[in-house]
């Protein structure tokens, strides 16, 4: 193997595929990136942690000798990143890999390419095309609600639900839930569950791609592939039955609030400065006619914020973990939002003023005397 490639092009490609490299493994080959130089002038970079595999192709590479090699991801990526923006010559020398520029030369130990896992393809069940920006938005607005506790099983994943005229994603962790819906024509109904951690990596990859307008999902039984022009992402799906999230959404409410999102966010953010010093990031919301009072207290002091609202129904006094409310409010784009509440111990539903594009549930925190 012997080829030359532009430093910036190679560095960006390494940044993409390295998202599939894990440091938490006892298998040395999984800490590496497979380089394959082809006679057609392509360089294919691959990485895998067995749950997530990423393949990136660079066109227009000057290949003097085709072949393959595996390099240790962190070391190789760091070297390429630090080199100047010029042509880099990379050559396999027996078990080693030489990296050369006019003023620098590294020789690093390679790993046997035949030991690298075969990423392969999947038996295709369904293929669909999704607008890149819509998919990014749906991930951003939902993934933070998935559980990070590996012992929680299926809710460490995000449900993607395809129906005839819509695509919906749902995520929950036992304290909050997100349901995001977009219009989309689908040939058939299907549900898949993607681990939230993998979905976060996919979001970063998609965000770095400037020219792509859409991506293609190839859905299999236990795996799925996301196809872009020069990137292929293969991921493991979670098996099991997702929580019946529709049954959790409240059917009635006694207090309905319409509020300006940014104003509400900023008020809660200020109140959270003291809530962080207390327990559970606790803030208290109290309504009175067309005013919402947000309070918090800790050993360091107290805070009181007031914001204007439109209220229908009964007044309410309810406590929340401020982080859970802020996480929701900061990913939304709407100028106004609606909060529906029933009692101080039942979840709050956050939704748009009109339409069904999002629904969030946030569980309250019990308020003890003196809080």
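The values are calculated or read from the model by the stated rules, or taken from the named source; none is laboratory data. What you see is a predicted model, and the numbers here were worked out from it, not measured in a lab. Don't worry about glycine lacking a Cβ; one is built from the backbone with ideal geometry, like all the others, and counts go over all protein chains shown.
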Report yes if some residue within region 300-316 is in a loop (DSSP other than H, G, I, E, B), surrounded by 17 or more Cβ atoms within 10 Å (Cβ to Cβ) and either over 28 Å from the mean Cα position of the chain (by Cα) or modelled with pLDDT under 95 (or both); otherwise report no.
yes
Given the structure, is residue 237 closer than 28 Å to residue 139 by Cα, modelled with pLDDT under 90 and in contact with a strand residue (DSSP E or B) (Cβ under 8 Å, 6 or more places away or on another chain)?
no
Consider residue 60 against the criteria (1) at positive phi; (2) in contact with a helix residue (DSSP H, G or I) (Cβ under 7 Å, 6 or more places away or on another chain): it satisfies all of them except one. Which criterion is unmet?
(2)
Identify, from the list 286, 267, the residue that is modelled with pLDDT of 90 or more, within 21 Å of residue 344 (Cα to Cα) and assigned to a strand (DSSP E or B).
286
Among the residues of region 241-256, count how many are within 30 Å of residue 291 (Cβ to Cβ) and loosely packed, with under 10 Cβ neighbours inside 10 Å.
2
Modelled with pLDDT under 95 and either in the same structural domain as residue 42 (by TED's automatic domain parsing) or part of a loop (DSSP other than H, G, I, E, B) (or both): which single residue out of 279, 232 fits that description?
279
Quick check on my filter: what residues within region 37-54 are farther than 16 Å from residue 18 by Cβ and buried (at least 21 other Cβ atoms within 10 Å of the Cβ)?
37
Scan region 325-339 and give yes if some residue there is modelled with pLDDT under 95 and closer than 18 Å to residue 248 by Cβ, otherwise no.
no
So, residue 163, is that one farther than 30 Å from residue 44 by Cβ, surrounded by 14 or more Cβ atoms within 10 Å (Cβ to Cβ) and in contact with a strand residue (DSSP E or B) (Cβ under 7 Å, 6 or more places away or on another chain) or not?
no
Spot the failing condition for residue 265; the list is (1) in contact with a strand residue (DSSP E or B) (Cβ under 9 Å, 6 or more places away or on another chain); (2) within 30 Å of residue 134 (Cα to Cα); (3) surrounded by 15 or more Cβ atoms within 10 Å (Cβ to Cβ), and only one is missed.
(1)
In region 341-371, which residue that is closer than 25 Å to residue 147 by Cβ and out of contact with any strand residue (DSSP E or B) (no Cβ under 8 Å at 6 or more places or on another chain) is surrounded by the most Cβ atoms within 10 Å (Cβ to Cβ)?
346
Restricted to region 60-100, and to residues that are in contact (Cβ under 8 Å) with a residue 40 or more places away in the chain and assigned to a loop (DSSP other than H, G, I, E, B), which residue is nearest to residue 39 (Cα to Cα)?
66
Of the residues that make up region 244-253, is at least one free of Cβ contacts under 8 Å to residues at least 60 places away in the same chain, part of a loop (DSSP other than H, G, I, E, B) and out of contact with any helix residue (DSSP H, G or I) (no Cβ under 8 Å at 6 or more places or on another chain)?
yes
The residue from 9, 25 that alone is surrounded by fewer than 20 Cβ atoms within 10 Å (Cβ to Cβ), closer than 30 Å to residue 195 by Cα and modelled with pLDDT of 95 or more is 9
Selection from region 26-59 of residues in contact (Cβ under 8 Å) with a residue 40 or more places away in the chain, part of a strand (DSSP E or B) and within 20 Å of residue 226 (Cβ to Cβ) yields 33, 34, 46, 48, 52, 53, 54, 55, 56, 57, 58
Among the residues of region 331-371, what is the count of those that are over 21 Å from residue 295 (Cβ atoms) and either free of Cβ contacts under 8 Å to residues at least 60 places away in the same chain or part of a helix (DSSP H, G or I) (or both)?
6
